[in-house]
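Before any comments, here is the structure.
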Protein chains: 2
Amino acid sequence: MIEPISDFEAYPYLKNINVPEDLRKLQISDLRGVSNDVREFLVDTISQIGGHFGAGLGTVELSVALHYALDTPRDKVIWDVGHQAYPHKILTGRKELLHTIRQKEGLAPFLRREESEYDVFGAGHASTSISAALGIAAARDFQGEDYKVVAVIGDGSMTGGMAYEALNNCGILGKNVLVILNDNRMSIAPNVWALHNYFNTLITNPTVRKFKDTVWDVAGKIGNNGDRLRFAGSKLVDGMKAVMTPGMMFEALGFKYFGPVNGHNVVKLVEMLNFLKQEKGPLLLHVISEKGKGYKPAESHVQRYHAAGGAFDKITGTAIAKPVTAPQPPEYMKVFGNAMVEICKTNPKVVGITAAMPDGTGLNILQKELPDRVFDVGIAEQHAVTFAAGMATQGFTPVCAIYSTFSQRAFDQIIHDVSIQKLNVIFAMDRAGLVGADGPTHHGVFDLSYLRLIPNMTIMVPKDEQELRDMLFTATEYRQGPIALRFPRGAGVGVALAATGFQKLAIGEGEMLKDGNKVAIVGVGPMLSQAMKAAEDLDHEGISTAVFNARFVKPIDAALLDGIAERFTHVLTLEENSVVGGFGAAVLEHFARTDAHPHVRLLGVPDHFIEHGAPGELQKEIGLDRVGIVNAVRELVAVSVNETIKVG
Amino acid sequence: MIEPISDFEAYPYLKNINVPEDLRKLQISDLRGVSNDVREFLVDTISQIGGHFGAGLGTVELSVALHYALDTPRDKVIWDVGHQAYPHKILTGRKELLHTIRQKEGLAPFLRREESEYDVFGAGHASTSISAALGIAAARDFQGEDYKVVAVIGDGSMTGGMAYEALNNCGILGKNVLVILNDNRMSIAPNVWALHNYFNTLITNPTVRKFKDTVWDVAGKIGNNGDRLRFAGSKLVDGMKAVMTPGMMFEALGFKYFGPVNGHNVVKLVEMLNFLKQEKGPLLLHVISEKGKGYKPAESHVQRYHAAGGAFDKITGTAIAKPVTAPQPPEYMKVFGNAMVEICKTNPKVVGITAAMPDGTGLNILQKELPDRVFDVGIAEQHAVTFAAGMATQGFTPVCAIYSTFSQRAFDQIIHDVSIQKLNVIFAMDRAGLVGADGPTHHGVFDLSYLRLIPNMTIMVPKDEQELRDMLFTATEYRQGPIALRFPRGAGVGVALAATGFQKLAIGEGEMLKDGNKVAIVGVGPMLSQAMKAAEDLDHEGISTAVFNARFVKPIDAALLDGIAERFTHVLTLEENSVVGGFGAAVLEHFARTDAHPHVRLLGVPDHFIEHGAPGELQKEIGLDRVGIVNAVRELVAVSVNETIKVG
């Protein structure tokens, strides 16, 4: 699949552009044609393979303008998140590989320094670009260089606190940095940014617009009416400029605000960028763009086209159904969303909290049924968790539905605001384990380790979609402090799913799934279904293998482990989490405490960052599948040949 | 020591106030007297015991006004950080115990829910109050209640991104929440908040003040000059209000801005609070206060009196010297600061980064010598780390000097922006281990666990102040990605300290400090000096004990551990870090990988939050000292009596 394509005949401008140098040889009047080509090529390619899509359509002209007006890669452009960077990839030597994006060995899903010198700073999580840009500008100034540094950040990312921290610091340092606010008024989910409303009022309100014109006019006239009025008049213009532009927040933080400008007028964008190249200090350019621009189905269904899950019909936008051999089990996300509805209907104290991702977490299902029970706080994971803690002090049981990888942003709040105070906040961490095409920035393979070290925390991992239901219910009934459950992206394992009703699980109790007498596999999560198959294979080989579902990573099931240590000479721990400090380490800590000495091997995600690719491919690569488990047990059993090893 | 005091005769108003109810029985004209009493009592008490001081002096009148105007604890006041909450503690039933603050079993250093129903939400780390307040307000509205919710946040905490996330979300939700910005224009270190400059211009600039008056005047007059002018005139007032108040950032985020008001005029504060009780929606009251107000030495040396390290003379402010029997070794912080100066003088690529704490990290030493080599980014740990990552992409080697506990705020940035990209950023984590009087919110006992799980990370722990120098130097020479070193609060162990020059350490190599033949203690950090003494004690008892300094937690010294497993039947791991997932777990993981089976016991910080108290007291309590180590080894050796344990 990772074959470059070479036929660009359908794109008369793009066919001659490999790197921005080529672009800069063109006339400014050619840039509309270039933009059209880039957009067409993007739609043609993504409609065949799927991928993040809407954001890129919104930045076609901006990408063309930036690489035309600036001297990239000498000038540095830092893209926030990276969803918006597909046109940038097309223009910087990677058009021939765009169709490989998000595939194993193919182009990275976001920005990636190893991939291109034009990718100045890696991305994936939101709101990092201004900080990185400011760091680069500080380095530049130390070295006495004068290149331009530009951060391009969407309005969604602007709700993240670190963007504000960086704006503030940039205002203080007064560095020459241009921040481009790419405002598609939509972020991932609408209406989570207060400035939206504010901008919209100022830009669209006809009274305000008319007043602005009038004031300019009046200010000219009252200049003749004596000193006092003249003084007022001259100040009026400055004053009104501040009131009438939507940039006063940025001005207050020490930025010069420019805009808003139309993000789809490539000529105006180039002119503005050329003008701004002469300006000094922290600058903010406000660009108004449309997510999905130029592709009708995406313009009208912005959230659906934020990312296309797979190929779709270019004309209608309808997804092209993949050949399905059997009906797929429901997605964990949806099982979670449905269970939330059911629980919220009977328990008035439960609410759901999302950081700008109701659709990506299943909370949209609850939002539809019981809209006032969902809080969408914006891309603001830190606030989400402490907001939940605040609610918990008043007897509520908030469920923070945040992806495993994004929960890293709220690590301190989970410790400081929730766990120290032993508040009843539930962390429902979706996308735990290997997430696939989104790659190393998005894999949720650290949560068991970073949650386990927190005192007062309880951690559950459902082995299947039914256990997810029961664990969520158990969590809402639990009153002893914070409790987390983590579950993967994608479809369940296909077990029978109760339509209604829940079973409350005993905290800290695991279960035996299959008996055996030589090797015990003890693990958590849906990977146990692979373990069950592996155990059958091993039984056939004469290696009698039991399988245990620990269910709880914390508190660990001491009785279960003691029984295992007593009955089995060999133990394989299994988790779709880092082998450093995770479930396996918990088992080792227990065995050390009890001075138990089975031969133990930890199977999980190895201690390096895992690239992007299909989850199945990645699991195979790191030996986290049926075959990998069989191999790990074989190796483990082989050590017992060396029976000279003594305890102590 | 934890004896309440009962003699309040010197404070004629305060003697009759135990809880806010008592305060509310007084006339408003009495409140100046109350404020004076609270201030006097605070100075009298803290001058005897030390403690956070400056911030509390700045909030005396505000605390009196809040408890007078509001119906606490029904109305909820949430204090950010908690340094500012001493007057609040005095007024809410705890004056008799104020002298016990920060002592073991005494009053908590910050807010604490278990301590008082008036402590609505715990604090310690900055910028959490608005999130908590909004959560409480959301809960209130669900329950159909109508109490007031107030967050009091300093200007320093306003540089933290989560404060902005919360403001934004509050603006969207439109909840009835009052945020009081307690602006002492100083935060912990000056000039880290862009809005400072902005506020100062608007509040103090005489032209702006005069213009404001003029415009109001003019606006009245031009009302007669025809429709067009009248229209402009009427709008002018609104417009000018926005320009002329320093609150436009808050207005843009959906808040109604009020102020600024004098934070030391208690009557005006009460009037303003009474007025605001009638207002709806998100409100921001801007209060200007002086840190250290009313105590001359503190007013003129704000940073020194942020916290008083111990008793001081009430009149002169001079610290009362503690009886010293021997000269104290230098503090780790200062050793770090001096080493930074030395390194920066020879290596032009090294810079220091602090999150508003140059004085608290030793970077003030570098700031004095080479001011342009230190970046103070405000209370903004997330930004600090990604800013460092940006600099690192351009060949710089930034040293992020952030306390262990505050680094938790940047956990995601350490993973996502630094480690995935393998950038050469150094994390110098001061205050690692038990910090003492600041208690559970400030102990740095998780870093080894949360750093260890991060791929590409290298982690060093100096055993003494000389090794700290060498490790810092080693880090600046290391070019293979992120590297962290963590060291404790307070004085070094007293080893000979090289005046200049450094030794570069081999990555991943530990050392033997003392040989033995039955038990091996292997650990990291200054706790090893206790282990050396314990080993001598054990030798005398006939338990021959060796001591190893692993130096590196990651990569762990495999050869050292293999040698230990070969030679010793019993291994005690030692760290001033959680026993969950930390150094001890790394040792267990290695022994599992190599199928080594010594008897292992993990000694470290147990898996619960540790209260406040002197570090020595706390270490003793959890068995992390000479005696504790001896006891742990004795217990460990006792298990070997049971030699029936078999491997596997």
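Contact-buried residues of region A:594-630, at a threshold of 30 Å² lost accessible area versus the chain by itself: A:ASP595, A:HIS597, A:HIS599, A:VAL600, A:ASP607, A:PHE609 (1.4 Å probe; DNA, RNA and ligands ignored).
Here the Karplus relation 6.51 cos²θ - 1.76 cosθ + 1.60, evaluated at θ = phi - 60°, turns the backbone of region B:99-111 into coupling constants of 5, 9, 4, 6, 8, 4, 6, x, 4, 5, x, 10, 6 Hz, with x for every Gly and Pro. As a calculated quantity, the FRET efficiency between B:TYR147 and B:ILE315 at R0 = 41 Å, using C-beta atoms, amounts to about 0.40. The Cα atoms of region A:365-520 define a convex hull whose projected area, averaged across directions, is 11.0 nm².
Translational D (Stokes-Einstein, µm²/s) of region A:557-598 at 20 °C and 1.002 mPa s when Rh comes from the Kirkwood sum over C-alpha pairs?
Numbers: Rh = 10.6 Å.
My calculation gives 203 µm²/s for D.
Compared with the dominant Cα axis of chain B, that is its longest principal axis, helix B:31-49 is turned about 20°.
The angle between the Cα long axis of helix B:583-593 and the longest principal axis of the Cα atoms of chain B comes to about 50 degrees, rounded to the nearest 10.
Just to confirm, what accessible area per residue do you get for the protein assembly as shown at 1.4 Å probe, in whole Å²?
Heavy-atom accessible area per residue stands at 33 Å².
Solvent-accessible area lost on pairing A with B (1.4 Å probe, both sides summed) amounts to about 10900 Å². Between B:LYS256 and A:GLU114, the FRET efficiency from the beta-carbon distance, with R0 = 51 Å, is close to 0.55. Would you jot down the residues in region A:355-401 that end up with at least 30 Å² less accessible area in the complete protein assembly than in the chain alone, with a 1.4 Å probe? Listed by number, the residues meeting the 30 Å² cut-off are A:PHE375, A:GLN382, A:HIS383, A:THR386, A:PHE387, A:GLY390, A:MET391, A:THR393, A:GLN394, A:PHE396. Extent along the principal axes, Cα only, for chain B: 98, 60, 52 Å, with the longest axis given first. P(r) tail for region B:1-58: Cα pairs beyond 18 Å make up 40% of the total. Give the distance, in whole Å, between the Cα centre of region B:1-39 and the Cα centre of region A:544-616. So the separation of the two Cα centres works out to 59 Å. DSSP beta bridges confined to the protein assembly as shown are antiparallel in about 15 percent of cases.
What is chain B's relative contact order, in percent, from Cα pairs under 8 angstrom and six or more apart in sequence? Walk me through the intermediate numbers first.
Numbers: 1307 pairs, mean separation 71.3, N = 648.
After rounding, I find 11 percent.
What is the percent of Cα-Cα separations in region B:511-647 that go past 26 Å? The partial results should precede the final answer.
Details: 1614 of 9316 pairs.
Here the tail beyond 26 Å accounts for 17 percent of pairs.
In chain B, the DSSP-assigned H stretches of four residues or longer account for a calculated mean residue ellipticity at 222 nm of -11500 deg cm²/dmol, using -39500 (n - 2.57) per stretch and the full residue count as denominator. Rounded to the nearest angstrom and listed largest first, the equivalent-ellipsoid semi-axes of region B:396-446 from its Cα gyration tensor are 24, 11, 7. Expressed as a whole percent, the proportion of Cα-Cα pairs in the protein assembly as shown lying more than 53 Å apart is 24%. Against chain A, whose longest principal axis is taken from its Cα atoms, helix A:266-276 shows a tilt of about 80°. Where in region A:93-120 does the amide nitrogen come within less than 19 Å of the point 7 Å from the Cα of A:GLU3, taken along Cα to Cβ? Under 19 Å, as judged by backbone N against the label point of A:GLU3, lie A:95-107 of region A:93-120. For chain A, the share of DSSP beta bridges that are antiparallel, to the nearest 5, is 15%. When the listed pairs A:LYS76/A:LYS280; A:LYS175/B:LYS368; B:LYS175/B:LYS280; A:LYS104/A:LYS620; A:LYS76/A:LYS175; A:LYS345/A:LYS504 are checked against a 19 Å cut-off, the alpha-carbon distance exceeds it for A:LYS175/B:LYS368.
Burial of accessible area (probe 1.4 Å, heavy atoms of protein chains only) in region B:444-478, relative to its chain alone, reaches at least 10 Å² for B:PHE446, B:SER449, B:TYR450, B:ARG452, B:LEU453, B:PRO455, B:ASN456.
For the rotational copies B and A, the chain B residue with its Cβ nearest the relating axis, together with that separation in Å, is B:GLY161, 1.
Where Lys and Arg each count +1 and Asp and Glu each count -1, what net charge lies around B:ASP515 among other residues with Cβ under 13 Å from its Cβ?
Working: positive: B:LYS514, B:LYS518, B:ARG567; negative: B:GLU511, B:GLU536, B:ASP539.
Summing Lys/Arg as +1 and Asp/Glu as -1 gives 0.
Region A:1-110: Rg/Rh from Cα coordinates, Kirkwood Rh? Can you show the working numbers first?
Working: Rg = 12.9 Å, Rh = 13.9 Å.
With Rh from the inverse mean 1/r over Cα pairs, Rg/Rh is 0.93.
Shown for chain B: the carbon plus sulfur share of the solvent-accessible area, taken with all protein chains present and a 1.4 angstrom probe, equals 51%. For region A:317-405, the Kirkwood radius over C-alpha pairs fed into Stokes-Einstein at 4 °C and 1.567 mPa s yields D = 92 µm² per second.
Summarise the partner chain shielding of B:140-151 as one whole number: the mean count of Cβ atoms from other chains within 10 Å of each residue's Cβ. Mean partner shielding for this stretch: 2.
The values are calculated or read from the model by the stated rules, or taken from the named source; none is laboratory data. Since this is a predicted model, take the numbers as computed values, not measurements. We place every Cβ from the backbone using ideal geometry, glycine too, and count neighbours over all the protein chains shown. Note: areas computed on protein heavy atoms with side chains; ligands, DNA, RNA excluded. Shrake-Rupley method; radii C 1.70, N 1.55, O 1.52, S 1.80 Å.
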